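J.: Got a structure here, written out as structure tokens. Questions coming.
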Amino acid sequence: MKYFTKEVKIALTAIAAVILLFIGINFLKGINIFESSNTFYVKFKNISGLTVSNAVYANGYPVGIVRSIAYDYHRSEGAVVGIELDDEMRVPAGTRAELDPQLMGGVNMNLVLGPNPTVNLSPGDTLSGGMHEGALSKMESMIPAVVSIMPKLDSIMSNLNTLTSDSALLLTLRNTAELTAQLKETSVRLNAMMQGDVPRITQRLHVVGANMEKLTGNLAAVDVNATMRKVDATLDGVQQFSVRLNTVVDQFDQKLNSTDNTLGLFLNDRSVYDNLSGTLRHADSLMIDLKAHPKRYVHFSVFGKKDK
């Protein structure tokens, strides 16, 4: 017990305190010194605020931490970041690291695993790194375009203010509201017609369709050839009748123009016309004289005829 003097105890206590302090500091940094890990290195041209003890993610799951960051002062090609990954983590060939700046500050490192899981990198190998093309980077690339659009937006807003203050717009909106009300009323009437008149019309159309179907069936049952033969026979009869009628008309015309018959003589003889005209004149004068002197031709007596 003489070896555990007061000085030795103080030294052991100091060593234990240093060890505990080292373990506590690493624990606060997220480093578990009691777990075995594999170290890999990643080259970045810009680490964008990455710090030691930042978590390293693979498919959204934390698989390690950032152990060290060293800037390449000789070639000025960026920084080399040392990362410690879990001992069970396998890194396929072709894996690269991406830095994803967060909206509230800080940077996450994500491992984009390679396509071939059968070929893995060995601890100590170097990966390529870069920035993740996320929403923030896209917003940064959009800033110049937004800046160039701002003057146009001012002119657009002024035009909108002018347009909204125009009384014609209010009148148009009022007319639109009236048109909407009229369309609503028309829609109500149309719905009523669709519910009332259209079913009745549809029913009548069904009846008409049934009648047309019956008519089509009857027409299909008709012997068209026989009907056409009858029609042809009728047309032949009509043609023969027309020929006969033409013959009769020709004969009648010949009789009228000929003088070997009574009607022809009557129509073609001038003396017959003159005699008839004279007879009519004598009859006319006789009627006039009869009206003027009726006693010459008719005698009436109550007591009988007197002897002359």
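The values are calculated or read from the model by the stated rules, or taken from the named source; none is laboratory data. On a predicted model such as this, the values are computed, not experimentally measured, just so you know. Because the Cβ atoms are built from the backbone with ideal geometry, glycine has one as well, and the counts that use them run over all protein chains shown. Keep in mind that these areas ignore ligands, DNA and RNA; they rest on the heavy atoms of the full protein, side chains included. Shrake-Rupley method; radii C 1.70, N 1.55, O 1.52, S 1.80 Å.
J.: Can you work out the FRET efficiency for the pair Asn218 and Gln239, with r the C-beta to C-beta distance and R0 = 25 Å, to the nearest 0.05?
T.: Approximately 0.25, to the nearest 0.05.
J.: Given contacts defined as C-alpha pairs under 8 Å and at least six residues apart, what's the relative contact order of segment 93-213, whole-number percent?
T.: Normalised by residue count, the contact order of segment 93-213 is 17 percent.
J.: On to the next question. Test of understanding: what is the full-extension gain from Ser277 to Arg174, defined as 0.36 nm times their sequence separation minus their Cα-Cα distance?
T.: Working: separation 103, 0.36 × 103 = 37.08 nm, distance 9.33 nm.
Contour length minus the Cα-Cα distance gives 27.7 nm.
J.: Sequence gap at least 6, Cα distance under 8 Å: using those rules, report the relative contact order of segment 33-84 to the nearest whole percent.
T.: That works out to 42 percent.
J.: Check Asn120: other-chain or 5+ apart residues with amide H under 5 Å from its amide H, H built from backbone geometry?
T.: Under 5 Å from the amide H of Asn120: Ala93.
J.: Rounded to the nearest percent, how much of the accessible area of segment 50-182 (1.4 Å probe, protein heavy atoms only) is carbon and sulfur? It would help to have the intermediate numbers written out before the result.
T.: Values: 5320 of 8850 Å².
Carbon plus sulfur share of accessible area: 60 percent.
J.: How large is ³J(HN,Hα), in whole Hz, for each residue of segment 120-131 in order, when computed from phi with the Karplus curve 6.51 cos²θ - 1.76 cosθ + 1.60 and θ = phi - 60°, using x for Gly and Pro?
T.: Along segment 120-131, the couplings run 10, 7, 9, x, x, 6, 10, 9, 8, x, x, 8 Hz.
J.: Per residue, how much accessible surface does segment 160-263 expose to a 1.4 Å probe? Answer in Å², no decimals.
T.: Per residue, segment 160-263 has 89 Å² of solvent-accessible surface.
J.: Give the accessible area for Tyr57 in Å² (nearest 10); use a 1.4 Å probe, count only protein heavy atoms, and leave out ligands, DNA and RNA.
T.: The value for Tyr57 is about 60 Å².
J.: To continue, here is another question. Determine by what factor the alpha-carbon radius of gyration of segment 148-287 differs from 2.2 N^0.38 Å, reporting the quotient.
T.: Computed over Cα atoms of segment 148-287, the ratio equals 3.06.
J.: Further question: Efficiency by 1/(1 + (r/R0)^6): what FRET value for His74 and Val112, r their Cβ-Cβ distance, R0 = 30 Å, to the nearest 0.05?
T.: Values: r = 28 Å, r/R0 = 0.95.
So the FRET efficiency works out to roughly 0.60.
J.: Ok, one more. Loop-only check: which GluC sites (Glu not before Pro) in segment 80-179 are DSSP coil with at most 12 other Cβ within 10 angstrom?
T.: In loop regions of segment 80-179 (DSSP not H, G, I, E or B), the sparsely surrounded GluC sites (Glu not before Pro) are Glu88, Glu133.
J.: At 0.36 nm per residue, minus the direct Cα-Cα distance, what do Ser148 and Asn211 gain on full extension? Give it in nm, one decimal, please.
T.: Stretched out fully, the Ser148 to Asn211 stretch lengthens by 15.3 nm.
J.: Here is a further query. Note down the nm distance, to one decimal, between modelled labels 7 Å out along Cα→Cβ at Ala11 and at Asn120.
T.: If labels sit at Ala11 and Asn120, their model points lie 4.4 nm apart.
J.: Continuing with this model, one more query. Search the structure for amide H atoms under 5 Å from the amide H of Asn108, placed 1.01 Å from N in the peptide plane, and list their residues when 5 or more places away or on another chain.
T.: Placed amide hydrogens put Asp100, Gln102 under 5 Å from Asn108.
J.: While we're looking at this one, here's another question. So if each residue of separation counts as 0.36 nm, and I subtract the Cα-Cα distance between Tyr297 and Leu163, what length gain in nm does that give?
T.: Residue separation times 0.36 nm, minus the Cα-Cα distance, leaves 36.8 nm.
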